[in-house]
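This report concerns only the one structure given below.
The values are calculated or read from the model by the stated rules, or taken from the named source; none is laboratory data. Here the structure is a predicted model, which means the values were calculated and not measured. Ideal geometry is used to build each Cβ from the backbone, glycine not excepted, and the neighbour counts take in all protein chains shown. With ligands, DNA and RNA removed, areas are computed over all heavy atoms of the protein, side chains included. Shrake-Rupley method; radii C 1.70, N 1.55, O 1.52, S 1.80 Å.
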Amino acid sequence: MTMRTIFLALALAALSFTSIASIASAQEGGAATRFLRQRHDEVTRIMRRDASTDAARAARSQEVTRILSQLLDYQELSRRALGTHWESRTPAQRTQFVDLLRQLVERNYEANLERIQDFEVRYTREEAISDGTVVFTEARSRQERRQPPVEISYSMHLTEGAWRVFDVNTDGVSLVRNYNRQFNRIIGQDGWDALITRMQERLASGRTE
């Protein structure tokens, strides 16, 4: 199997998480929109810090990881991505899977931070859904102005009194659905252990593509 499609989706998610902080919308939006903007403004400030030494880069990486943990509900993302396979996993298996997915998301997010600062984003609207809310945005490259904007939406819910993202939809491509198709195929063909092994191998390889 190839994990390429999965990590393409991760790269798109990373792009959307970072770029949304690039500009402010004329309309403040609701609570979920304000939460996103606050977190992304933090990322922007952190990325402006000096990172010329290993210690500075490590400190910046630690701060970005902290903010990402405040954005994403890894447990809910994992549950939805595994679908019916989630219920059949033991607590230990679920914990292991969530931890691996978290590490992969964090690494891909950080790997894309520098290259995707060139996007302007407009918040377009916020809509309530049955299990939370969706914040809609449009991201446009400053360098390639003739290119159509990328439509990015964030599915969010309140958990323990805080907003968290559990899915990102980029031009109609859902991160959760993409995961679900890939994970179901791997588990169906090779089993659960094969999925875990391939995620571990991806982390060990150090690749972000």
Looking at (1) of a type outside the set (Val, Ile, Thr); (2) within 25 Å of residue 159 (Cβ to Cβ); (3) open to solvent by 30 Å² or more (accessible area, probe 1.4 Å); (4) modelled with pLDDT under 80, can you tell me which one residue 40 breaks?
(3)
Determine which single condition residue 26 fails, assuming it passes every other condition in (1) of a type outside the set (Ser, Thr, Tyr); (2) loosely packed, with under 12 Cβ neighbours inside 10 Å; (3) at pLDDT 75 or above; (4) part of a loop (DSSP other than H, G, I, E, B).
(3)
Over region 136-158, the set of residues closer than 18 Å to residue 37 by Cα and either under 14 Å from the mean Cα position of the chain (by Cα) or hydroxyl-bearing (Ser, Thr, Tyr) (or both) is 137, 152, 153, 154, 155, 156
Of the residues that make up region 134-148, is at least one touching a residue at least 40 places away in the same chain (Cβ under 8 Å) and surrounded by fewer than 18 Cβ atoms within 10 Å (Cβ to Cβ)?
no
Looking at (1) open to solvent by less than 40 Å² (accessible area, probe 1.4 Å); (2) polar (S, T, N, Q); (3) over 17 Å from the mean Cα position of the chain (by Cα), find the lone condition where residue 182 falls short.
(3)
